[in-house]
Amino acid sequence: MTETGNHPGGRACAGLTQEQGQRQVFCGLTSIVWLHRKMRDAFFLVVGSRTCAHLLQSAAGVMIFAEPRFATAVLGDRDLAGMADCNEELDRVVNELLARRPEIRNLFLVGSCPSEVIKLDLDKAAERLTAAHQGRVRVLPYSGSGLETTFTQGEDQFLTTLVEQLPASTDAEPSLIVLGTLADVVEDQFRRLFDQLGIGPVHFLPPRTGDELPPVGPGTRVLQAQPFTGEATRALIRRGAERIDAPYPLGVEGTRQWLQAAAGVFGVPDERLESVIEAPIARARAALERQREVLSGKRITFLPDSQLELPLARFLSAECGMQPVEVATPYFDREFHGRERDALGDGIRLIEGQDVDAQLDRLRADRPDLTVCGLGLANPLEAEGLRTKWSIELVFSPIQGFEQAGDLAELFARPLVRHETLKV
Ligand code: SF4
């Protein structure tokens, strides 16, 4: 474990401790579970092992009645030993898939640990296959490997690949890209709010179909909806876009400041902003009040999984009265997470990275009322009498925006209420 002070390329983050050791997180392939639902004309072909296929199948569930839009091209022992030409095999699998599924317009070749270990060049494969199926399908590569990354970083890699495909714009007129997957219902709510504020044109990335890729250029302003979109944001900045500095839209305050930051950049008068958000804020505060009764004063620890940990802890502490004990994040982005770290204030143990055994020792000593962790740790911790919340549920659920603030708080209140109900 190492204490960190000033970080190159970013702001100081005193009090953040880096840990290295064994990690207990899902890999980036998991993000396919929500990405394939979001982008409806895309197909995700994992180039991986049987382990990758099992992970995907169990994380996404078996779709018996629908044709799934993801699959695994399994590398066999001969491929892994370098005895077969994997490229030929991959081309055959892709050709068969495209012949069987003519509706696929965007095919993502998703790299895995095995494909990276044998150095299978998916960039070249994607170029070759795009040329072979010219005009019919766009083939794009990205990595979902778990060698270095956690599960939400799979989306960041996916978005970074998409950014390279965006058409260039020379238009200096401002337009907005909201970056990071949001549930459709949340996206629609935000679109209505931006309309009422007079902010536009607004694009969401990823879009619902590959035909809706937004243009990018000097007029583009980027508003991150998810904290795990750092690489994609940097890719947009390289293409001329400017990032709007804002917290993430979780809870009433996060959402208010997120909209306020966009309103400031687009020259929306304060009175107009206040009149648009007044009613949604009142509804959100009323919904939060009910959950506050359960959550107030309760101690919470976050194990590092999704990069949502800091903004969630900020929301739970400031708006629900919870007391974060330890907040761990798999990766602290020095450029984009400093604001959330500052909003948390002092007196909270902040950790970047993971050494799972050391972390579990601290957790057992702290015994918080609630622990947010991955699926693999939840059951053993429950057996030790600790209440848990699955971190992955927070990525799958619609939690952003005013209308979801009460539901977000309820996700944390539910395990505590259940525990009280079951007490004898
Ligand atoms: S990509 Fe790596 S970590 Fe993920 S399932 Fe495949 S082998 Fe496991």
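The values are calculated or read from the model by the stated rules, or taken from the named source; none is laboratory data. On a predicted model such as this, the values are computed, not experimentally measured, just so you know. When we count neighbours, we look across all protein chains shown, and the Cβ atoms used for this are built from the backbone with ideal geometry, even at glycine.
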Inside the stretch 252-311, the number of residues satisfying the requirement of being touching a Phe, Trp or Tyr at 6+ places or on another chain (Cβ under 9 Å), under 24 Å from Leu16 (Cβ atoms) and among the hydrophobic types (A, V, I, L, M, F, W, C) is 4
Scanning the stretch 367-398 for residues that are in contact (Cβ under 8 Å) with a residue 24 or more places away in the chain and among the small types (Gly, Ala, Ser) gives Gly374, Gly376, Ser391, Ser397
Looking at Phe412, is it aromatic (Phe, Trp, Tyr), part of a loop (DSSP other than H, G, I, E, B) and not assigned by TED's automatic domain parsing to the domain that holds Pro227? no
With the structure loaded, tell me whether Arg290 is over 17 Å from Val178 (Cβ atoms), at pLDDT below 95 and not aliphatic (A, V, I, L, M) or whether it fails that test. yes
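Conditions tested, residue by residue: (1) among the polar types (S, T, N, Q); (2) at positive phi; (3) at pLDDT 95 or above; (4) surrounded by fewer than 19 Cβ atoms within 10 Å (Cβ to Cβ).
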position: Asp361; (1), (2), (3), (4): no, no, yes, yes
position: Val372; (1), (2), (3), (4): no, no, yes, no
position: Leu375; (1), (2), (3), (4): no, no, no, yes
position: Leu381; (1), (2), (3), (4): no, no, yes, yes
position: Glu393; (1), (2), (3), (4): no, no, no, yes
Given the options Arg299, Arg283, Arg272, Arg256, name the one that is touching a helix residue (DSSP H, G or I) at 6+ places or on another chain (Cβ under 7 Å) and surrounded by fewer than 19 Cβ atoms within 10 Å (Cβ to Cβ). Arg272
Listed by first then second residue, the pairs whose first member lies in the stretch 182-198 and is in contact (Cβ under 8 Å) with a residue 40 or more places away in the chain, whose partner is among the aliphatic types (A, V, I, L, M) and in a helix (DSSP H, G or I), with beta carbons under 6 Å and at least 6 positions apart or on separate chains, are Gln196/Val276; Leu197/Ala263; Leu197/Val276
Suppose we filter Thr329, Thr421 for residues that are over 25 Å from Arg285 (Cα atoms) and touching a helix residue (DSSP H, G or I) at 6+ places or on another chain (Cβ under 6 Å); which single one remains? Thr329
Testing Lys119 on (1) assigned to a helix (DSSP H, G or I); (2) without any contact (Cβ under 8 Å) to a residue 24 or more places away in the chain; (3) not β-branched (Val, Ile, Thr), one condition comes back false. Which one is that? (1)
Just name the residue that is farthest from the ligand (Cβ to nearest atom) out of those in the stretch 18-32 that are within 18 Å of the chain's Cα centre (by Cα) and over 15 Å from Gln307 (Cα atoms). Ile32
Given (1) surrounded by 15 or more Cβ atoms within 10 Å (Cβ to Cβ); (2) over 21 Å from the mean Cα position of the chain (by Cα); (3) within 30 Å of Ala232 (Cβ to Cβ), identify the lone condition not met by Gly353. (2)
